[in-house]
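Engineer: Take a look at the following structure, please.
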Amino acid sequence: MRTAEFVAAVAIALFSLYLMWKSGEGPSWDPDAVRFANIGINVNNEGPGSGFWPFWLSLAMLVSSVAIMVRCALRISPLARSRDVYLDSQGKKMFALVGGGLLLFLLLIEIVGFYGAMPVFLFAYIRFLGKHPWWLALAIAVGVPVFCFFFFDIAMRIVLPKQYLEPLFLPLYEIFL
């Protein structure tokens, strides 16, 4: 367990550094973009740039990863003192089911878009893997995509992929935009 925890923390820390670096890059179409202007340094009084949240969230992820590495090295946490096997047969089965479900979710996005794939994934995950009641799985599988649509597409104006379901959303755009 200790080795797996440490290796995962190192991998996440490296990924955090990569995301921090990428979030600080200026837009590729703007040759005069000032490096790291996107992370919240106020350039020309325009406010934070597009990389503001990714940078600071990645920094928080990096700090958390370093804290996990320190706790692991000092053997402070119970996992750092554990000599148990990281993945037993049940863990491997769950890893395959969740990983396979995520891959199917990504493939479905290419066919029916984000708002078509999300309810399928949420319902399957909550009902069959989580073994929660049908009504709860349905409520979450319908409620979360509806919330996401209004938050991202309507409020934030961040259009998520809809693929073949695009015609279903056109009346909503006419009403709300």
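The values are calculated or read from the model by the stated rules, or taken from the named source; none is laboratory data. As the structure is a computational prediction, the values presented were derived from the model and not from experiment. We place every Cβ from the backbone using ideal geometry, glycine too, and count neighbours over all the protein chains shown. To get the accessible areas, we keep the full protein, side chains included, count just its heavy atoms, and leave off ligands, DNA and RNA. Shrake-Rupley method; radii C 1.70, N 1.55, O 1.52, S 1.80 Å.
Engineer: Quick one: what pairs do we get from the stretch 1-20, first residue under 18 Å from Trp53 (Cα atoms), second of a type in the set (Val, Ile, Thr) and open to solvent by 50 Å² or more (accessible area, probe 1.4 Å), C-beta under 7 Å, 6+ apart or different chains?
Structural biologist: Between residues of the stretch 1-20 that are under 18 Å from Trp53 (Cα atoms) and residues that are of a type in the set (Val, Ile, Thr) and open to solvent by 50 Å² or more (accessible area, probe 1.4 Å), the close pairs are Ala13/Val66.
Engineer: Scan the stretch 51-80 and report the pairs whose first residue is in the same structural domain as Leu17 (by TED's automatic domain parsing) and whose second residue is exposed (fewer than 14 other Cβ atoms within 10 Å of the Cβ) and part of a helix (DSSP H, G or I), with Cβ atoms within less than 6 Å and a gap of 6+ or a chain change.
Structural biologist: Here the result reads Arg75/Arg81, each pair linking the stretch 51-80 to a residue that is exposed (fewer than 14 other Cβ atoms within 10 Å of the Cβ) and part of a helix (DSSP H, G or I).
Engineer: Which condition number in (1) among the polar types (S, T, N, Q); (2) modelled with pLDDT of 90 or more; (3) surrounded by fewer than 17 Cβ atoms within 10 Å (Cβ to Cβ) is the one that Ser77 fails?
Structural biologist: Looking at each condition in turn, Ser77 falls short on (2).
Engineer: Out of (1) open to solvent by 40 Å² or more (accessible area, probe 1.4 Å); (2) modelled with pLDDT under 55; (3) of a type outside the set (Phe, Trp, Tyr), the odd one out for Val7 is which?
Structural biologist: Only one criterion is unmet by Val7, namely (2).
Engineer: Name every residue in the stretch 83-102 that is of a type in the set (Val, Ile, Thr) and open to solvent by 80 Å² or more (accessible area, probe 1.4 Å), in order of residue number. Steps first, please.
Structural biologist: So in the stretch 83-102, the residues of a type in the set (Val, Ile, Thr) come out as 85, 98.
Matches in the stretch 83-102: Val85 only.
Engineer: Next up: Just need a number here: residues in the stretch 125-141 that are closer than 14 Å to Met94 by Cβ and either touching a His at 6+ places or on another chain (Cβ under 8 Å) or not aromatic (Phe, Trp, Tyr) (or both).
Structural biologist: Residues of the stretch 125-141 that are closer than 14 Å to Met94 by Cβ, as a first pass: 125, 128-131.
After this cut, where a residue has to be either touching a His at 6+ places or on another chain (Cβ under 8 Å) or not aromatic (Phe, Trp, Tyr) (or both) as well, the list is 129-131.
Qualifying residue count, the stretch 125-141: 3.
Engineer: Also, quick follow-up: Would you please name the residue that is nearest to Ile158 (Cα to Cα), looking only at residues in the stretch 97-134 that are among the small types (Gly, Ala, Ser) and touching a Leu at 6+ places or on another chain (Cβ under 7 Å)?
Structural biologist: This residue is Gly113.
Engineer: Shifting gears a bit: What helices (runs of 4 or more DSSP H) completely inside the stretch 63-177 contain at least 1 residues that are under 20 Å from the mean Cα position of the chain (by Cα)?
Structural biologist: Numbers: elements: 78-81, 89-112, 114-124, 134-148, 166-176.
Because the criterion is at least 1 residues that are under 20 Å from the mean Cα position of the chain (by Cα), the helices (runs of 4 or more DSSP H) in the stretch 63-177 that meet it are 89-112, 114-124, 134-148.
Engineer: Being open to solvent by 80 Å² or more (accessible area, probe 1.4 Å) and out of contact with any Phe, Trp or Tyr (no Cβ under 7 Å at 6 or more places or on another chain) is the filter here; which residues of the stretch 103-119 pass it?
Structural biologist: Scanning the stretch 103-119 gives Leu103, Leu104, Leu106, Leu107, Glu110.
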